[in-house]
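Read the structure below first, then the notes.
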Amino acid sequence: MSAHGHTVHVPEAPTGFIRKYVFSTDHKVIGIQYFFLALTSVVVGMLLSVLMRFHLLWPGAKVPFLQGGVMTQAQYLSLVTMHGTMMVFFVLTTAPQAGFGNYFLPIQIGAPDMAFPHLNMLSFWVTFLAFLSLIAAFFVPDGAPISGWTAYTPLSGIGQASGPGEGWGQTMWIVSISLFCLASLLGALNFIATLIDMRAPGMSLMRMPLTCWGWFVTAVLTLLAFGVLLAGGILLFLDRTAGTSFFLPAGLVFTDQLQPHSGGSPLLWQHLFWFFGHPEVYIAILPGMGVASHVLSTFCRKPIFGYKAMVIAMNAIGFLGFVVWGHHMFVSGMSPYSAFAFSVMTMAIGVPSAIKTFNWLGTLWGSKIHFDVPMLFALGFVSLFVSGGLSGLFLAQPAVDNLLHATYYVVAHFHLVMGVASIFGMFAATYFWFPKMFGRMMNPTLGKIHFWFTFVGAYCIFMPMHFLGLSGGIRRYADYTAISYLQPLRPLTMFMTYAAFVTVTAQLIFLFNLFWSLKKGEVAGKNPWNATTLEWITTSPPPHDNFGGQFPSVYRGPYEFNVPGAREDFIPQNLEPSQVAMGAQS
Amino acid sequence: MPEAVSDIEEPAVALLDGGGGRPPDPGFGDDGGAGSWRPAGTPQSTYTTGMLVALGGISMFFMALVSASVVHRGMPGSDWVPLHPPSILWVTSALAVASSLTLVRARRMFKAGAESGFSRWWMATAVLGVCFLSGQLLAWRQLVSAGVYLASNPSVGFFYVFTAAHGLHLLGGVIALLWIGWRQSHGWRKSPGISPGTATAVAALYWHFVTGLWLFLFSFFLIGG
């Protein structure tokens, strides 16, 4: 071994199946558990979206396994709710942070595990309980809730009287989200403590890979945001079950019944929800930004352009994310002065976002790009982030948002920038780190086919959706057949729907590649991408303590590619200065 | 046989030498020499870090509730009727302060290696904690006797939520105190794991925070009800 490390005797790996694979305290196993939980959730969420698209085109068609045969409007709304909840919480929050972060943060900083392994295990199992609770909402009387992933009051606060799914289904939703909040808080605590205290010798903050910065800022946002949602969830639960009126005003009549509430404010729920909800957008995207930066640098064989600026931009995005929640409430009748303040702060986020984008382009500029599959998805991430982010600047104007808020324009905007871009970050991470996690390569040909179908498909679904929104296409409606001014746009809707079917079907290629490669993929060495960070100096997959007792020291930054005088075009972070001329393999 | 208290106050800082971003000492090798090595488990100072981070999260939770109550009170159409906190809360507040003082005393005994004194003051803190919780339940009982229920008015609703959430956090503190007291008398596990010195320090940090939080909440009730 050319690089110096130090020997530590670590506890033996557990051998029994239950301790090793089920109730494991190993951050790598927990990361994989989160990954597969998110994978299950994304499959469920996608199937729900297919059903929604199907219903929008053929609202009278029979759906074989559906109660009653033809989908009702309430059932459509329950699909909207469950799709959003499943995707935002159990996919976009779970996979990039809890999945990949759990697996790679300790290894990338040179630690043997998370700071609190038992707490880590608890986080996963509480998340799993939250998942079961959400799924259970499908099977309670009247089915899943219809109040959307934002659970706006008063609809969500009344109970059975406010509609189908608003009884037990909505209660299960609140229980699920509250459990998810608890698990996320425990996870964030672990991430922050690990990163602050367990970095390897020499791994200063400014030598950390940008992935670690992404996970760190995300963990801070999680810590500060999820407690607020938990508080709101408890108050909402009490409104539903204990007769309180935190969010419910007087004089509400649902299904001909005057509700026994008074003095509450539905807007209070919106404030609490969006104080969580906007940072949540960055909780979803920041890990993807870290992965994209990491992968771009690796496959450009070039240091990331403006590392310090990237770190500052990530922190700035995290900070600004907490002061813009009001832009989700422009149509709530807020004071124009408040709206102006929120608008200015929202547009200010464009500055660090632009810094990141230009730095990604600066990294690409003049480099010899290796178009491997992770790189394709990282490039796709940049493209989608820019496309989706630009429409955010328009929506940041209260006057424009008042017009577009209830339309598909907003749906297109957040799907591109928060949903699909984040998913592309996850795909990049999966193709990039699969060899490290499972010791085998994923099939590159299938990966490229998967990329092109998904990339083109995503644009085919969501770019026309902007036009639908601009034309007045109202979101959340289950049936548009009676809206005459939207009928000329039916071909556009058909195009989007067929594109969605093709894109969803293309994900089978990914699933096949994933499971096939687990057993049949080409065996990966320690460092198949010739990358520089610490996960690539250990075996694939890493041993129980990550480094086989030989813990690394760090001598350089994370992206030292094509350094003059070095024998190879990459220098691992643990390579001593005196060894650079001899190279990593010496 | 429990370990002597004075032997178990570990120098947590020394355990940190191996981690945390300082440039590596080029002199050390695989033998872990030159003062730079890595603990097999969680570094002791990380428990303190973890607790500080947790307190940040707990603070946000309570600040969200406080903000919600302030907004609720001030919004147009609110039927907020100020609640006069039950007088027993003055007693429970005194108990909370007293428990923090006994904990300070217990920590001093611990550092001095006086095991029996430590156990006495440590358990006194736990008992005061239980008394505090009993007092809070009595406060609820007084309200219920007066016909003031959770749903009577938003001010009352927030009062019940605040006291319940705070009480649950304090109950967690009591459990931690009892666990540490039990460990202290029955012996601690060998490393890796939390050391007695760290455990008492982290528990004290949490306990003082919960006391401070209560004083803040009580002041909040008094000012605005």
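The numbers here are math on the coordinates, done by the rules we state, and not lab data. Worth saying up front: this structure is predicted, and the values here are computed from it rather than measured. FYI the Cβ positions are ideal-geometry reconstructions off the backbone, even for glycines, and counts take in every protein chain you see.
Between residue A:369 and residue A:204, what length in nm is gained on full extension when 0.36 nm per residue of separation is reduced by their alpha carbon distance?
Between residue A:369 and residue A:204, full extension yields 56.5 nm more.
Tabulate in residue order the Karplus-calculated ³J(HN,Hα) for segment A:414-430, using 6.51 cos²θ - 1.76 cosθ + 1.60 with θ = phi - 60°, rounded to whole Hz; enter x for Gly and Pro.
Values per residue, Gly and Pro as x: 6, 5, 5, 7, 9, x, 5, 4, 4, 5, 5, x, 5, 5, 4, 5, 5 Hz.
Label points 7 Å out from Cα along the Cβ direction at residue A:581 and residue A:72: separation in nm?
For the pair residue A:581/residue A:72, the computed spacing is 8.0 nm.
Charges on Cβ only, +1 for Lys and Arg, -1 for Asp and Glu, centred on the Cα centroid of chain A; of A:463, A:278, A:230, which one is farthest towards the dipole's positive end?
Checked the options; the winner is A:463.
Using 1/(1 + (r/R0)^6) with R0 = 60 angstrom and r between the beta carbons of residue B:151 and residue A:567, what's the FRET efficiency to the nearest 0.05?
Efficiency, rounded to the nearest 0.05: 0.20.
In terms of the Cα gyration tensor, with a ≥ b ≥ c the square roots of its eigenvalues, is the protein assembly as shown rounded because a/c is under 1.5, prolate because a/b exceeds b/c, or oblate?
oblate
Limiting things to C-alpha atoms, what are the Rg and the maximum Cα-Cα separation (Dmax) for segment A:524-586, in angstroms?
11.5, 36
Based on Cβ point charges of +1 for Lys and Arg and -1 for Asp and Glu, what charge dipole magnitude is obtained for chain A about its Cα centre, in debye rounded to the nearest 20?
Dipole magnitude for chain A comes out near 920 debye.
Tell me the label-point distance for the pair residue A:520, residue A:393, using the 7 Å Cα-to-Cβ offset, in nm and rounded to one decimal.
A separation of 4.8 nm, rounded to one decimal place.
Going down the list A:28/A:520; A:448/A:520; A:302/A:519; A:302/A:448; A:356/A:448, which pairs span over 28 Å between their C-alpha atoms?
A:302/A:519
Longest span of chain A, sites excluded, free of GluC sites (Glu not before Pro) in DSSP loop with at most 13 other C-beta atoms within 10 Å?
Counting only loop sites that pass the neighbour cut-off, the longest clear stretch is A:13-521.
How much length is gained on full extension from residue A:474 to residue A:406, taking 0.36 nm per residue of separation minus their Cα-Cα distance?
Going from the current span to full extension adds 23.9 nm.
Pairs of alpha-carbon atoms within less than 8 angstrom and 6+ residues apart define the contacts here; what relative contact order does segment A:280-344 have, in percent?
Relative contact order for segment A:280-344 comes out at 27 percent.
Relative contact order for segment A:131-279: what is it in percent, counting Cα pairs under 8 Å that are at least 6 residues apart?
Answer for segment A:131-279 is 25 percent.
Quote the charge dipole size of segment A:524-586 about the Cα centre in Debye, to the nearest 20; the model charges only the Cβ of Lys and Arg (+1) and of Asp and Glu (-1).
In debye, rounded to 20, segment A:524-586 gives about 60.
If you take the square roots of the eigenvalues of the alpha-carbon gyration tensor of segment A:265-513 and sort them as a ≥ b ≥ c, do you get rounded (a/c under 1.5), prolate (a/b over b/c) or oblate?
oblate
At what distance in nm do the modelled label points of residue A:118 and residue B:222 sit from each other, each positioned 7 Å from its Cα along Cα→Cβ?
3.9
Specify the angular offset, from 0 to 90 degrees and rounded to the nearest 10, of the alpha carbon long axis of helix A:73-85 from the longest principal axis of the alpha carbons in chain A.
That works out to roughly 20 degrees.
Normalised by the number of residues in segment A:222-272, what is the relative contact order in percent for Cα pairs under 8 Å and 6+ residues apart?
Across segment A:222-272, relative contact order equals 30 percent.
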